[in-house]
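> What follows is a single structure, and I will ask about it in a moment.
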Amino acid sequence: MLYGYVCSPYRGNIFKRIRNKRYARHLTKLMADFGTIPITPHLYLTEVLKDSNPEERKKGTGLSLELLKMCDVVLVGTKYGISEGMAAEIKLAEKMGTHILYILE
């Protein structure tokens, strides 16, 4: 079975975060439906690490990138654009030669 990293935006005001988390859940379901094990760290790490705290955000970003390194494929959701964090994830995936799939909506 393959591991799939879900790359989508998280940050924004409360309304954008709600929208972005809903979108991340949608992409996570797509990965599961494709038969991959979805890895979506911004759905759960943000529950225990405060994104508004720079040190905790840095820790969460580092943990996310380590998880990405274990994945076979990265699914990039482009519906709301490519954030700075997403760009870093895509860059790492490209450097590692990981397959990247873009969802163009």
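The values are calculated or read from the model by the stated rules, or taken from the named source; none is laboratory data. A quick note: this is a predicted structure, and the numbers were derived from the prediction, not measured. Note that we place each Cβ from the backbone using ideal geometry, even for glycine, and neighbour counts take in every protein chain shown. Note: areas computed on protein heavy atoms with side chains; ligands, DNA, RNA excluded. Shrake-Rupley method; radii C 1.70, N 1.55, O 1.52, S 1.80 Å.
> Going by the structure shown, is Thr61 open to solvent by less than 30 Å² (accessible area, probe 1.4 Å) and out of contact with any Pro (no Cβ under 6 Å at 6 or more places or on another chain)?
Taking the combined requirement at face value, the residue does not satisfy it.
> Looking at Tyr44, Tyr10, can you tell me which residue is among the aromatic types (Phe, Trp, Tyr), open to solvent by less than 80 Å² (accessible area, probe 1.4 Å) and outside any strand (DSSP E or B)? Steps first, please.
Working: Tyr44 fails: open to solvent by less than 80 Å² (accessible area, probe 1.4 Å).
Matching residue, one of Tyr44, Tyr10: Tyr10.
> Among the residues of segment 84-105, count how many are open to solvent by less than 40 Å² (accessible area, probe 1.4 Å) and either part of a helix (DSSP H, G or I) or within 21 Å of Asn20 (Cα to Cα) (or both).
Number satisfying all stated conditions: 7.
> Here's a follow-up. Only one of (1) within 19 Å of Met1 (Cβ to Cβ); (2) among the basic types (Lys, Arg); (3) touching a Phe, Trp or Tyr at 6+ places or on another chain (Cβ under 7 Å) fails for Lys69. Which number is that?
Failed condition: (3).
> Of all the residues that make up segment 13-27, how many are surrounded by 16 or more Cβ atoms within 10 Å (Cβ to Cβ) and charged (D, E, K, R)?
So the answer is 2.
> Shifting gears a bit: Kindly provide the set of residues from segment 47-70 that are under 11 Å from Tyr10 (Cβ atoms) and assigned to a helix (DSSP H, G or I), ordered by number.
Of everything in segment 47-70, those that are under 11 Å from Tyr10 (Cβ atoms) and assigned to a helix (DSSP H, G or I) turn out to be Arg57, Gly60, Thr61, Ser64.
> Same structure again: Give the residue that is most open to solvent (accessible area, probe 1.4 Å), with candidates limited to residues of segment 64-83 that are under 12 Å from the mean Cα position of the chain (by Cα) and among the aliphatic types (A, V, I, L, M).
Checking each candidate, the answer is Ile82.
> Shifting gears a bit: Can you name the condition, by its number, that Tyr3 falls short on among (1) open to solvent by 50 Å² or more (accessible area, probe 1.4 Å); (2) modelled with pLDDT under 95; (3) touching a helix residue (DSSP H, G or I) at 6+ places or on another chain (Cβ under 9 Å)?
(2)
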